[in-house]
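**Q** Provided herewith is a single structure, encoded as structure tokens, for subsequent inquiry.
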Amino acid sequence: MNSKERVRVAVAHREPDRVPVFELSINSPVASDIMGRQMYVGFGGWLVAKVFSEWMAEGRVLELALKIFSDWIDLYSHLELDILPMPTLPLTNETVEPVAENQWKYTDPDSGLWRVIGYNPESDYHSEIDSRIKQEGVPGLRHHVEWLEKRPGLVSADLMAGLKAVLDPARERFFILGEADVLFPSEASWQPLFLECMALEPELIDRYFEATTNEVLTLIDAEAEAGVDGFVGGVDFAYHSTTLFSPAMFRRFIFPHMRRITERCHSRGLPFFKHTDGNIENIENELLLGCGIDGYHAIEPTAGMDIARLKRQYGDKITLLGNIDCGDLLTNGSPEDVTKAVGQCIRDCAPGGGYVLSSSNSIHSGIPTQNFLAMLKAAREYGTYPMRNS
Amino acid sequence: MADLKELAAALMRGDAPAVDKMTKEAVNAGIGVKQILDDGLIAGMQVVGERFKNNEIYVPEVLIAARAMYTGMKVLEPLLVKAGVKPVGTIAMGTARGDLHDIGKNLVSMMMRGNGFKVIDLGIDVSPQKFVEAAKEEGVNLIGMSALLTTTMPSMKATIDELQKAGLLKKVKVLIGGAPVTQRYAAEIGADGYAPDAASAVDKAKALLGM
């Protein structure tokens with residue numbers, strides 16, 4: 001059974017030969033340690049802030065994109081992972097200039113919008129730390145929404161051809177995941193402004209989600225044409241204790257667009273998996289069963305998301321992906337602790353299919369390589385069907 | 001007659017123009033500035049904090065309530081200084097070195113301000129030395145640190161070690177929080193307190209200061 005078949009069988013809630021294994025991202029320090037060379041992969045700050053900015057400023061975007069794809073496929077092949085998500089790529093028309101040490105300003109020449117990205121080498125973390133929208137407040141957000149409503153589509157024939165070409169070497173080997181989601185700006189420096197506007201300017205926020213989801217639907221079509229096998233939405237909706245906004249706001253702003261996205265994926269015969277950090281108990285039933293999603297990824301145990309309970313409650317309807325704690329266990333635990341947790345997770349969730357093993361977010365830059373490898377080894381050790389203790 | 005309960009209610013629903021208007025009306029009606037602060041703005045923000053802690057309201061509602069609170073504070077601050085009203089405590093807050101994510105820290109700042117604390121915002125990516133300098137400042141009796149990342153948590157320990165070396169741990173209490181942080185970790189690194197959320201941080205700060 002190859003990876004593609006293995007994932008399809010598991011998502012269909014049948015038992016494949018073994019539990020499929022996935023990572024949403026593997027950051028460069030861990031990947032480089034494993035491969036013995038500098039790897040241009042993941043969403044750590046070194047790659048996504050420093051390398052993206054420096055190479056873009058030098059006009060080397062295409063070279064970088066090809067390098068990322070090549071390293072990504074090499075890494076996932078080497079680790080024998082079953083699902084290959086689309087890597088983080090420098091896809092933007094913005095111009096880039098350094099503004100301070102480890103800070104770069106990105107400016108969109110068409111809209112005039114700008115943002116500043118900061119990077120900290122010690123933590124390998126990056127973040128948008130300032131922007132025109134943050135500075136201008138509501139008028140800035142209004143300008144952004146107006147721009148989103150009128151700007152030309154993102155999908156070009158060149159992009160389509162490029163995507164097809166770079167996915168070619170991976171097509172037979174992996175179950176490939178494209179990207180699609182309701183684009184709550186969880187990484188933007190103007191996220192607090194956006195949250196305030198959800199309460200004070202709801203019509204503006206309606207327009208934002210309408211415009212961004214319209215673009216996402218065209219991207220789904222393009223990625224489907226390029227040959228992806230499914231989609232994952234990587235936007236975070238929650239933090240460790242609950243969701244960022246109320247169930248009522250989810251019903252108004254998020255769920256209708258989530259349904260548009262899953263319907264578009266399904267019209268292409270492709271599943272949609274939703275990733276989110278955090279505790280989603282207050283919207284769990286509506287999100288997992290009412291929006292047409294096919295899988296729920298991350299399932300952070302330290303945020304109180306109990307995968308054994310989720311399996312009992314939703315396990316026959318959706319696929320569960322994740323739950324091996326990358327906050328404490330994979331970061332600070334021993335390989336033996338990791339092995340034990342993987343065994344438990346597989347015992348709880350793998351019987352009958354509908355489970356894909358992964359960390360509870362990603363392999364971030366603080367995870368010791370030996371713990372990640374212990375997780376993968378244990379997945380093979382305990383993940384063979386039929387389960388001995390099922 | 002200005003109604004401070006109405007003022008608190010306007011703050012709770014995030015109605016900044018109403019808070020501005022009612023605060024000015026209360027001042028003009030001759031109500032004591034400390035009473036307007038305590039029974040209007042702080043009373044409202046305390047309810048906001050409780051509701052947030054109980055997941056009855058969420059981040060957007062807290063943000064607009066805080067914005068409304070700042071509108072009222074702007075009216076009251078010069079009068080509070082003139083009347084010699086002291087804050088209940090002064091906390092210097094920042095994210096740990098390497099951590100660039102500040103929404104959690106900002107929520108804690110809002111809750112602290114809404115409960116009568118003076119907040120010195122040190123911003124993001126704050127070095128242990130910068131925390132030490134802040135701890136030396138007159139009136140500062142709390143240091144607040146947050147970390148979103150497991151990779152920046154060690155910087156919290158480095159800061160506490162530096163505060164210890166500088167002999168400041170008798171002057172200030174250290175309160176930490178953030179997604180990967182736990183009570184166990186706080187105890188391990190010698191922090192005085194840990195709070196799992198913004199509203200609890202206020203309770204913990206008050207407890208640490210013996211209030």
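The values are calculated or read from the model by the stated rules, or taken from the named source; none is laboratory data. What you are looking at is a predicted structure, and each value in this text was computed from that prediction instead of being measured. Here the Cβ is made from the backbone with ideal geometry for all residues, glycine too, and neighbour counts use every protein chain on show.
**Q** Out of the residues in the range B:81-104 meeting the condition of being part of a strand (DSSP E or B) and small (Gly, Ala, Ser), tell me which one is farthest from the other protein chains (Cβ to nearest Cβ).
**A** B:89
**Q** Residue check: is residue A:186 free of Cβ contacts under 8 Å to residues at least 40 places away in the same chain and of a type in the set (Ser, Thr, Tyr)? Before the answer, list the steps.
**A** Details: free of Cβ contacts under 8 Å to residues at least 40 places away in the same chain: no; of a type in the set (Ser, Thr, Tyr): yes.
So residue A:186 does not fit the description; no.
**Q** Of the residues A:272, A:237, only one is within 14 Å of another protein chain (Cβ to nearest Cβ), under 19 Å from the mean Cα position of the chain (by Cα) and either under 28 Å from residue A:151 (Cα atoms) or buried (at least 17 other Cβ atoms within 10 Å of the Cβ) (or both); which?
**A** A:237
**Q** OK, next. On the basis of being crowded, with 21+ Cβ neighbours inside 10 Å, under 17 Å from residue B:69 (Cα atoms) and away from chain A (no Cβ under 14 Å), does residue B:116 make the cut?
**A** Numbers: crowded, with 21+ Cβ neighbours inside 10 Å: yes; under 17 Å from residue B:69 (Cα atoms): yes; away from chain A (no Cβ under 14 Å): yes.
Yes, satisfied.
**Q** Does residue B:144 satisfy the condition of being within 17 Å of the chain's Cα centre (by Cα), outside the structural domain of residue B:63 (by TED's automatic domain parsing) and either more than 21 Å from residue A:119 (Cα to Cα) or assigned to a loop (DSSP other than H, G, I, E, B) (or both)?
**A** Answer is yes for this residue.
**Q** If you check residue A:283 against the conditions, is it buried (at least 23 other Cβ atoms within 10 Å of the Cβ), away from chain B (no Cβ under 14 Å) and in contact (Cβ under 8 Å) with a residue 24 or more places away in the chain? Can you show your working first?
**A** On the way: buried (at least 23 other Cβ atoms within 10 Å of the Cβ): yes; away from chain B (no Cβ under 14 Å): no; in contact (Cβ under 8 Å) with a residue 24 or more places away in the chain: yes.
Considered against the rule, which asks whether it is buried (at least 23 other Cβ atoms within 10 Å of the Cβ), away from chain B (no Cβ under 14 Å) and in contact (Cβ under 8 Å) with a residue 24 or more places away in the chain, residue A:283 comes out as no.
**Q** Test of understanding: among A:76, A:119, which residue is aromatic (Phe, Trp, Tyr) and either within 14 Å of another protein chain (Cβ to nearest Cβ) or in contact with a helix residue (DSSP H, G or I) (Cβ under 7 Å, 6 or more places away or on another chain) (or both)?
**A** A:119
**Q** A follow-up question, please. When you scan the range B:167-182, how many residues do you find that are within 14 Å of chain A (Cβ to nearest Cβ), within 18 Å of the chain's Cα centre (by Cα), part of a loop (DSSP other than H, G, I, E, B) and surrounded by 23 or more Cβ atoms within 10 Å (Cβ to Cβ)?
**A** Final tally of qualifying residues: 1.
**Q** The conditions are (1) more than 18 Å from residue B:206 (Cβ to Cβ); (2) assigned to a helix (DSSP H, G or I); (3) among the aliphatic types (A, V, I, L, M); (4) away from chain A (no Cβ under 12 Å), and residue B:31 fails exactly one of them. Which is it?
**A** Failing condition for residue B:31: (2).
**Q** Only one of B:95, B:90 is of a type outside the set (A, V, I, L, M) and crowded, with 21+ Cβ neighbours inside 10 Å; which? Let's see the steps before the verdict.
**A** Values: B:90 fails: crowded, with 21+ Cβ neighbours inside 10 Å.
Matching residue, one of B:95, B:90: B:95.
**Q** Just checking, how many residues over the range A:48-87 are in a loop (DSSP other than H, G, I, E, B), at pLDDT below 95, more than 16 Å from the chain's Cα centre (by Cα) and on the phi < 0 side of the Ramachandran plot?
**A** Here the count works out to 2.
**Q** Mind listing just one residue for me: the one in the range B:37-57 that is more than 23 Å from residue B:79 (Cβ to Cβ) and charged (D, E, K, R) and, of those, farthest from the other protein chains (Cβ to nearest Cβ)?
**A** Checked the range B:37-57; the qualifying residue farthest from the other protein chains (Cβ to nearest Cβ) is B:50.
**Q** Quick one: which of A:278, A:234 is in contact with a strand residue (DSSP E or B) (Cβ under 9 Å, 6 or more places away or on another chain), farther than 19 Å from residue A:314 by Cβ and not hydrophobic (A, V, I, L, M, F, W, C)? Give the derivation first.
**A** Details: A:278 fails: farther than 19 Å from residue A:314 by Cβ.
Among A:278, A:234, only A:234 is in contact with a strand residue (DSSP E or B) (Cβ under 9 Å, 6 or more places away or on another chain), farther than 19 Å from residue A:314 by Cβ and not hydrophobic (A, V, I, L, M, F, W, C).
**Q** Is it the case that residue B:78 is more than 14 Å from every other protein chain (Cβ to nearest Cβ), over 26 Å from residue B:189 (Cβ atoms) and in a loop (DSSP other than H, G, I, E, B)?
**A** It is false that residue B:78 is more than 14 Å from every other protein chain (Cβ to nearest Cβ), over 26 Å from residue B:189 (Cβ atoms) and in a loop (DSSP other than H, G, I, E, B).
**Q** Can you tell me which residue within the range A:192-209, out of those that are free of Cβ contacts under 8 Å to residues at least 60 places away in the same chain and away from chain B (no Cβ under 14 Å), is surrounded by the most Cβ atoms within 10 Å (Cβ to Cβ)?
**A** Result: A:209.
**Q** May I pose another question? Which of the residues belonging to the range B:183-211 are surrounded by 17 or more Cβ atoms within 10 Å (Cβ to Cβ), outside any helix (DSSP H, G or I) and out of contact with any Gly (no Cβ under 6 Å at 6 or more places or on another chain)?
**A** B:191, B:192, B:193, B:194, B:196, B:197
**Q** Tell me which helices (runs of 4 or more DSSP H) are completely within the range A:286-390 and hold 1 or more residues being within 14 Å of another protein chain (Cβ to nearest Cβ), or say none if there are none.
**A** Hits in the range A:286-390: A:329-332, A:369-382.
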